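First comes the structure, then the notes that go with it.
The values are calculated or read from the model by the stated rules, or taken from the named source; none is laboratory data. Bear in mind the structure is a predicted one, so any value in this text is a computation, not a measurement. Counting neighbours? That spans all protein chains shown, and the Cβs are built from the backbone with ideal geometry, glycine included.
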Amino acid sequence: MGAVLSGFSVIWIIIAVGYLLGRFRVLGTDARIVLSRVVFFVASPCLLFVTISAADVRDVLGPAFLIAAITAFAMLIVYMVLARLLFRRRSFSELMVGGQGASQVNAANLGFPIAAYVLGDVALAAPVMVFQLTIYLPLLVATLDQSTMKDHDADAGPGARTSTFRRVAQTAGNPVIIGALLGLLFSWQGWSFPEPIHNSIEILSGAAIPLLLISFGLSLVGNRPLDQSAGQRRDVLLAVIVKLILHPLLAWAVAAFLFGLDGLALYAAVVMASLPTAQNVLVTAVRYQTGEPMVRDTVLITTVLAIPAMIVVAVLLGV
């Protein structure tokens, strides 16, 4: 548990730095949006490329990868169905972002440290990371691209429909998708950029996680968690329940009964599912201007409650 607390402490310190920068207006009024765009268009694609191109995808395409995929898509569907039934005035984009918050784990800056210091093997986090970066995140971003274009067409009225070619071109040109696909291609072919280019991409990728956390800290300035005026308290509560209760439970059931895992492999699957919502979900919400208050609160609350959630997992599994 000391390692878990240490990992979370690093996150909270950097978030606090972002909050103080925003509180004293060091970076100006538009800093949050600017940083989010830098992460979305530059740092995140570089991180995707570096991480995926360095991984041997064949080594991680096992039960842990399939468990991560099954549970993430299941939680996305569960959240969207329940939210559609309970909150009838939510747009498809809001449901998508909320579902992303309920299903996408913080594998980047918590998964690997916890795998290394709690589970004893950093490779145990690789399947979740590869799944989210190569399949899940690009697919969700592509879906949001299509959804926002449809919303734009509806607002613009008859005769303003976006062509199919433009829809495909805009999605294919999304930097997140480009970074992921290039990473897969380089991993598959064993390619590499010349050293100066590779080093530049690697340096830019290192900015992704700090900027994500600082941007999150900036978003907390002037905002109260679960503010009633936002009208999305129930959305946040649903996302937190799905993320920290249903997600680990389903991971345990799938790992134990579908794949027959036990011991460390079972514990690792449940711990990875117990990770809090990834901060880059907030970057997605800011980028597409949908569900930002709800996502911010989901990230905040799941990050606070993830420590006791992991303690409960350890106790229940007898670790």
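The rows are residues; the columns are (1) under 18 Å from Glu94 (Cβ atoms); (2) in contact with a strand residue (DSSP E or B) (Cβ under 6 Å, 6 or more places away or on another chain); (3) modelled with pLDDT of 65 or more.
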site	(1), (2), (3)
Ile135	no, no, yes
Pro138	no, no, yes
Lys150	yes, no, no
Ser163	no, no, no
Ile177	no, no, yes
Leu182	no, no, yes
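Do we have Pro293 as at pLDDT 85 or above and buried (at least 23 other Cβ atoms within 10 Å of the Cβ) here? Show your work before the answer.
Details: at pLDDT 85 or above: yes; buried (at least 23 other Cβ atoms within 10 Å of the Cβ): no.
Considered against the rule, which asks whether it is at pLDDT 85 or above and buried (at least 23 other Cβ atoms within 10 Å of the Cβ), Pro293 comes out as no.
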| query | Is it the case that the range 262-274 has a residue that's acidic (Asp, Glu) and without any contact (Cβ under 8 Å) to a residue 40 or more places away in the chain? | reply | yes
| note | Residues of the range 273-296 being in contact with a helix residue (DSSP H, G or I) (Cβ under 8 Å, 6 or more places away or on another chain) and on the phi > 0 side of the Ramachandran plot, in sequence order, are Gly291
| Which residue out of Phe65, Phe8 is buried (at least 18 other Cβ atoms within 10 Å of the Cβ) and modelled with pLDDT of 85 or more? | Phe65
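Taking the options Leu305, Leu282, name whichever one is surrounded by fewer than 18 Cβ atoms within 10 Å (Cβ to Cβ) and either in contact (Cβ under 8 Å) with a residue 24 or more places away in the chain or not in a helix (DSSP H, G or I) (or both).
Values: Leu282 fails: surrounded by fewer than 18 Cβ atoms within 10 Å (Cβ to Cβ).
Of Leu305, Leu282, the one residue that is surrounded by fewer than 18 Cβ atoms within 10 Å (Cβ to Cβ) and either in contact (Cβ under 8 Å) with a residue 24 or more places away in the chain or not in a helix (DSSP H, G or I) (or both) is Leu305.
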| query | Can you name every residue in the range 6-52 that is farther than 19 Å from Thr302 by Cβ, in contact (Cβ under 8 Å) with a residue 24 or more places away in the chain and among the β-branched types (Val, Ile, Thr)? | reply | Val17, Ile33, Val38, Val39, Val42, Val50, Thr51, Ile52
